[in-house]
Each structure stands twice: as structure tokens, then as C-alpha cells.
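Report on the following structure.
The values are calculated or read from the model by the stated rules, or taken from the named source; none is laboratory data. No experiment lies behind these values; they were computed from the predicted model shown. Counting neighbours? That spans all protein chains shown, and the Cβs are built from the backbone with ideal geometry, glycine included.
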Amino acid sequence: MNGEQFLECSSRKVIPGAPVIVGCPLDLTGTYRAGTAEAPREIRVSSESIETYSPLLDKDLADCFIADLGDIALADEPLDKALDMIEASIAEIARQGGLPLCLGGEHTITLPIVKALSEVSGDFIVLHLDAHADLRTSYEGSTINHATVMRHVAGVVGPDRLIQMGIRAGTREEFMWMKQHGTLMQWEPADERILLQRISGLPVYVSLDLDILDPACFPATGNPEAGGWFHRDMERFVRTLEAVTLVGADVVELNPSLDPSEVGAITAAKIVRELLLVFSRF
């Protein structure tokens with residue numbers, strides 16, 4: 001692995017019980033605007049422009065133990081080999097007691113991560129934050145890609161262990177599937193209690209596609225979808241995560257090439273900072 005380090009990371013080795021940043025620069029199945037492979041590096045670079053202290057959580061990265069292992073070397077690898085490499089890397093981190101926070105890359109990375117954690121860490125809830133359902137059975141002749149990833153994840157953890165939030169785009173069949181299995185949840189003020197009731201004390205994995213944010217505040221993604229969350233909605237979600245036990249997370253679908261202002265990468269870095277602080281119990 002290689003790459004720059006995220007703000008205030010104190011180690012290049014797994015620290016048991018502490019968050020571990022891993023870059024997964026996969027960009028092979030995107031169908032509209034490619035460019036997510038550059039996201040892990042840009043998030044790390046942009047992290048230098050934010051503070052270590054979070055007023056939202058009243059915590060500071062400077063007080064935490066955090067590892068950054070760099071990026072998995074996925075360049076020029078075919079999709080099946082790349083997914084196997086991600087799964088093997090995350091499984092090893094989990095076996096060493098680390099809590100992986102993976103920087104995509106495209107959303108397909110979630111599948112091998114969830115597979116690895118399910119084998120090592122046991123039963124958990126997947127919280128899927130996204131503009132898109134990602135529940136197709138196939139897309140443009142492929143069965144494993146960014147548009148089918150959550151159907152495969154549901155096959156790993158079970159539909160009863162999947163909660164989807166922010167979804168506002170998908171096929172009729174995808175919305176019927178969500179209705180049938182009860183996976184879709186609205187996120188309105190005071191819904192924090194409902195979310196925690198659905199989690200019911202189980203550990204949680206967060207898969208955060210940045211296009212959950214409205215394009216008005218986050219244009220730097222390949223498939224923007226109007227009508228999304230604003231940063232205050234994300235802050236309420238992060239605060240709710242303080243009441244759960246995280247086993248891992250991913251932050252995906254930043255496309256730095258679409259945002260010359262770099263606001264997207266800085267926003268992503270700030271969200272990563274908050275997730276790191278939720279992981280860090282001190």
C-alpha cells in the first residue's frame with residue numbers, strides 16, 4: 001500500500017481497537033463520469049485544510065490513535081482481482097482488531113469490505129446512505145458494479161440487516177424491493193430515535209455515498225441527484241452514530257475532477273474526520 005496520510009494519523013500500522021484508513025481507488029464500473037480513483041488522495045490532501053477539532057462532537061483527532069495504511073494498489077487490475085484484494089486487505093485489518101474506514105473509489109468497494117467483516121466480525125447492520133438504491137440485479141451486462149452493489153450486500157448480511165437512507169432515485173423494481181423488505185427509511189427531524197430502534201443495539205457498518213448530499217452543496221460526484229441531504233442532515237446522522245458501535249465504514253463516489261473549487265474534497269475530508277472521531281472511544 002502507498003499514499004499520503006490523513007490529518008493527524010499517528011501510525012502506518014493497525015492499532016487494535018482504533019480506526020484504520022484504507023484507500024480503495026477503484027474506478028472500473030462507473031457509467032456516467034469517471035474519476036473516483038483520485039478521491040482517496042484528494043481527501044487526504046484536503047484534510048490538511050480542516051481543523052483536527054470537531055465542534056460538532058467536541059473531540060479532537062490529536063487525542064486519538066488513528067492509522068492510515070495508504071491505498072491498496074488496484075491500478076491495472078481487473079475487477080474480480082481488485083475486489084479480492086480489497087476483501088483480503090480488510091479481513092486482515094479486522095483480524096488484527098482494526099476498524100476499517102475505507103476511502104473510495106466507486107461504491108462497488110462496499111461488497112468485498114462487507115464480505116470480509118461478516119466473516120471476521122459476525123452479525124451487523126449496514127446503514128446505506130445514498131441518492132441511488134443500487135439494488136439492480138444487473139446493469140449494462142454486468143452483475144457486480146456500482147448499481148448492483150447493495151443487492152449483493154443484502155445477500156451477505158440479509159435484507160433485515162440493511163437500512164437505506166436518502167434514496168431518491170432507482171427503478172420501479174428497486175423501490176418495490178425496498179418496500180417489500182422494509183429497508184428504506186426517511187430522515188426527518190426526530191427520526192434519530194427510530195433509527196436507533198431499528199439498529200436495536202447491533203454493531204453497525206456505514207456505507208456513505210457522497211451523492212446523498214444535494215448537488216447544491218456537493219456537486220463533486222459522478223451521478224448527482226437533486227433533492228438530497230444538506231450538511232445539517234449529515235451532522236444529525238453523525239451525532240446519532242455516537243450511540244452505536246461501528247465495525248467499519250466507507251466514504252465513496254467523490255469525483256475530484258468535477259469540482260475545481262475543491263469544496264467537495266474538503267467536505268468529504270470533514271465527514272471522514274467526524275467518522276474517525278465517532279470510531280475513537282476515549
Original post:
Taking the range 174-224, which residues are acidic (D, E) and more than 30 Å from L258 (Cα to Cα)?
Top reply: D191, E192
Original post:
Of the conditions (1) within 15 Å of N145 (Cα to Cα); (2) touching a residue at least 40 places away in the same chain (Cβ under 8 Å); (3) of a type outside the set (S, T, Y), C102 fails just one. Which one is it?
Top reply: (1)
**OP:** Kindly indicate the residue of the range 159-190 that is among the aliphatic types (A, V, I, L, M) and either without any contact (Cβ under 8 Å) to a residue 12 or more places away in the chain or in a helix (DSSP H, G or I) (or both) and also surrounded by the fewest Cβ atoms within 10 Å (Cβ to Cβ) among those meeting that condition.
**Re:** A190
Original post:
What is the residue count in the range 65-81 for residues that are more than 15 Å from G105 (Cβ to Cβ) and not charged (D, E, K, R)?
Top reply: 4
Original post:
When you look at K59, is it farther than 21 Å from T245 by Cβ and of a type in the set (K, R), yes or no?
Top reply: no
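Please determine, by comparing only the residues of the range 57-71 that are assigned to a loop (DSSP other than H, G, I, E, B) and either surrounded by fewer than 20 Cβ atoms within 10 Å (Cβ to Cβ) or of a type outside the set (A, V, I, L, M, F, W, C) (or both), which one is modelled with the lowest pLDDT. I'd like the intermediate steps shown before the answer.
Here is the first cut: in the range 57-71, the ones assigned to a loop (DSSP other than H, G, I, E, B) are 57-58, 64-66.
Among the residues that remain, those that are also either surrounded by fewer than 20 Cβ atoms within 10 Å (Cβ to Cβ) or of a type outside the set (A, V, I, L, M, F, W, C) (or both) are: 57-58, 65.
On the way: L57: 97, D58: 97, F65: 94.
Per the stated criteria, the residue is F65.
Is at least one residue of the range 153-163 over 25 Å from E42 (Cβ atoms), small (G, A, S) and out of contact with any strand residue (DSSP E or B) (no Cβ under 6 Å at 6 or more places or on another chain)? Working first, answer last.
Pass one, the range 153-163, residues over 25 Å from E42 (Cβ atoms): 153-163.
Now restrict to residues that are small (G, A, S): 154-155, 158.
Among the residues that remain, those that are also out of contact with any strand residue (DSSP E or B) (no Cβ under 6 Å at 6 or more places or on another chain) are: 155, 158.
Yes, the range 153-163 contains at least one residue that is over 25 Å from E42 (Cβ atoms), small (G, A, S) and out of contact with any strand residue (DSSP E or B) (no Cβ under 6 Å at 6 or more places or on another chain).
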Original post:
If M178 passes every condition in (1) touching a helix residue (DSSP H, G or I) at 6+ places or on another chain (Cβ under 8 Å); (2) farther than 25 Å from C24 by Cβ; (3) modelled with pLDDT of 95 or more but one, which one does it miss?
Top reply: (1)
Original post:
Within the range 205-227, how many residues turn out to be in contact with a strand residue (DSSP E or B) (Cβ under 8 Å, 6 or more places away or on another chain), of a type outside the set (V, I, T) and not in a strand (DSSP E or B)?
Top reply: 5
Original post:
Conditions: (1) modelled with pLDDT of 95 or more; (2) assigned to a loop (DSSP other than H, G, I, E, B); (3) within 17 Å of L254 (Cβ to Cβ). G30 meets all but one. Number of the miss?
Top reply: (1)
Subject >> In the range 245-282, residue surrounded by the most Cβ atoms within 10 Å (Cβ to Cβ) [restricted to those that are assigned to a loop (DSSP other than H, G, I, E, B) and small (G, A, S)] >> reply: S280
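Picking from L103, L135, L83, which residue would you name as being more than 23 Å from C9 (Cβ to Cβ) and surrounded by 24 or more Cβ atoms within 10 Å (Cβ to Cβ)? Step through it out loud before you land on a result.
Details: L103 fails: more than 23 Å from C9 (Cβ to Cβ); L83 fails: surrounded by 24 or more Cβ atoms within 10 Å (Cβ to Cβ).
Residue meeting the stated conditions: L135.
Which of the residues belonging to the range 237-248 are under 15 Å from M165 (Cβ atoms) and in contact with a Phe, Trp or Tyr (Cβ under 8 Å, 6 or more places away or on another chain)?
Restricting attention to the range 237-248, the residues satisfying the condition of being under 15 Å from M165 (Cβ atoms) are 237-241, 244.
F237, the sole residue that qualifies.
For the range 73-109, give me the residue count where each residue is in a helix (DSSP H, G or I) and touching a Cys at 6+ places or on another chain (Cβ under 6 Å).
Total satisfying the criteria: 2.
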Original post:
If you check L202 against the conditions, is it assigned to a loop (DSSP other than H, G, I, E, B), touching a Ser or Thr at 6+ places or on another chain (Cβ under 9 Å), of a type outside the set (S, T, Y) and at negative phi?
Top reply: yes
**OP:** Scan the range 138-149 residue by residue and report those that are surrounded by 23 or more Cβ atoms within 10 Å (Cβ to Cβ) and without any contact (Cβ under 8 Å) to a residue 60 or more places away in the chain.
**Re:** V149
